[in-house]
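The values are calculated or read from the model by the stated rules, or taken from the named source; none is laboratory data. Because the structure is a prediction, the values reported are computed rather than measured. All Cβ positions, glycine included, derive from the backbone under ideal geometry; neighbour counts span all protein chains shown. SASA here: full protein model, heavy atoms, side chains in, ligands and nucleic acids out. Shrake-Rupley method; radii C 1.70, N 1.55, O 1.52, S 1.80 Å.
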Amino acid sequence: MFFLLLPVGVDYKASRWPVVTFSLMGACVLVHIWSIALWSMGVESYVWWMKSFWFTPSAANLLTIFTSLFVHADIFHLLGNMVYLFLFGASTEDIIGRGRFLTLYLVGGVASVFAHVALTSGHFASDVPLGGASGAISACMGAFLLLLPKTKIEFKFFGWFFFRPISRDFFVSAWIVMSFWFLSDLLWAVLELAKVAENEGTAFGAHLGGFALGMGALGLLKLWWRSHPRDNPLEEPAPEPVRARVVRHTTPERPYLISQNNEEYGPYSQEEILQYLADGSIIPEAHFWREGDPEWQPVSQLPTPAL
């Protein structure tokens, strides 16, 4: 019997080409091809590669902190990370913008490296090298969780059961998937710290650090969006009232003109104005005028409809 479960899609349609995501994926692939070429040249070349581009805490330097975000141990390590980078990176880049996304990726990757050192026995005295994009990708996943928690993630299930192939598709909410992923990594990290279990093949601390950085960064960005709603790409803009030709003439059915932001709109009925006030198209600071009025008056003084 053989079983395999993979995320294959996200229920989100990007509005633009994910240039940064594809560029990062391309960089990781090219770096891995280079590593294969060095490995084929002999042991000495590959040892140089490990020392120069992987992050070893006991021989840490600024360069390897960044280069370690693009190296991978084997083709399966690379492919697994690229699937997650494409699924969660493209969506995050589309929403927050390319510059912010690249910054999130790199800063999240750096945070994941230091989180790994902090949560690993030996800390900066450790000789175990660290490499892979999973810490930086975890930052993208943390950001994705705050941006699109209710988005559905598509999974494909493959398997062989008594020589019979099995294939199924199903969808799970992003908040469930991300919560399970984070809690499972947290459990393994705690078990390693308690020396109950050992798994040197996976840097669970790096995953946790990157994920926490991604959530924190998006939390701060959402606070900014709250005070600057026009900058929020997830906020639907309130529709402007339909603008009429500016003439100071009204009818009994639509007796009111509206002035806001140095523009005049209308004419409107009282019910229309109340509806526009409710959905935000007319702001509370606007003024109204009707034929016969000596001057414009605040909409807060609009007569209340008789019951």
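Data for the structure
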quantity	calculated
Complete set of residues in segment 122-165 that are outside any loop (DSSP other than H, G, I, E, B) and of a type in the set (A, V, I, L, M)	ALA125, LEU130, ALA136, ILE137, ALA139, MET141, ALA143, LEU145, LEU146, LEU147, ILE153
Any hit, segment 153-167, residues being hydroxyl-bearing (Ser, Thr, Tyr), open to solvent by 40 Å² or more (accessible area, probe 1.4 Å), more than 30 Å from LYS195 (Cβ to Cβ) and modelled with pLDDT under 90	yes
Boolean, LEU147 is surrounded by 14 or more Cβ atoms within 10 Å (Cβ to Cβ) and either over 14 Å from the mean Cα position of the chain (by Cα) or not small (Gly, Ala, Ser) (or both)	yes
Candidates ILE75, ILE95, filtered to the one that is over 18 Å from VAL10 (Cα atoms) and among the hydrophobic types (A, V, I, L, M, F, W, C)	ILE75
Hits in segment 35-70 - residues which are touching a residue at least 40 places away in the same chain (Cβ under 8 Å), open to solvent by 70 Å² or more (accessible area, probe 1.4 Å) and outside any helix (DSSP H, G or I)	none
Residue count, segment 262-298 (criterion: assigned to a loop (DSSP other than H, G, I, E, B), more than 28 Å from ARG230 (Cβ to Cβ) and open to solvent by 50 Å² or more (accessible area, probe 1.4 Å))	4
Where THR103 falls short, out of the listed (1) in contact with a helix residue (DSSP H, G or I) (Cβ under 8 Å, 6 or more places away or on another chain); (2) free of Cβ contacts under 8 Å to residues at least 12 places away in the same chain; (3) not aromatic (Phe, Trp, Tyr)	(1)
Residue satisfying condition, being under 30 Å from SER121 (Cβ atoms), open to solvent by 50 Å² or more (accessible area, probe 1.4 Å), at pLDDT below 85 and of a type outside the set (D, E, K, R), within set VAL246, VAL196, VAL242	VAL196
Residue check, GLY108 within 18 Å of the chain's Cα centre (by Cα), open to solvent by less than 70 Å² (accessible area, probe 1.4 Å) and small (Gly, Ala, Ser)	yes
Single residue of PHE171, PHE182 found to be within 18 Å of PHE88 (Cβ to Cβ), part of a strand (DSSP E or B), within 20 Å of the chain's Cα centre (by Cα) and modelled with pLDDT of 70 or more	PHE171
Cβ pairs under 9 Å, 6+ apart, first in segment 272-294 and within 14 Å of LEU257 (Cβ to Cβ), second among the basic types (Lys, Arg) and open to solvent by 30 Å² or more (accessible area, probe 1.4 Å)	GLU272/ARG254; TRP289/ARG248; GLU291/ARG248
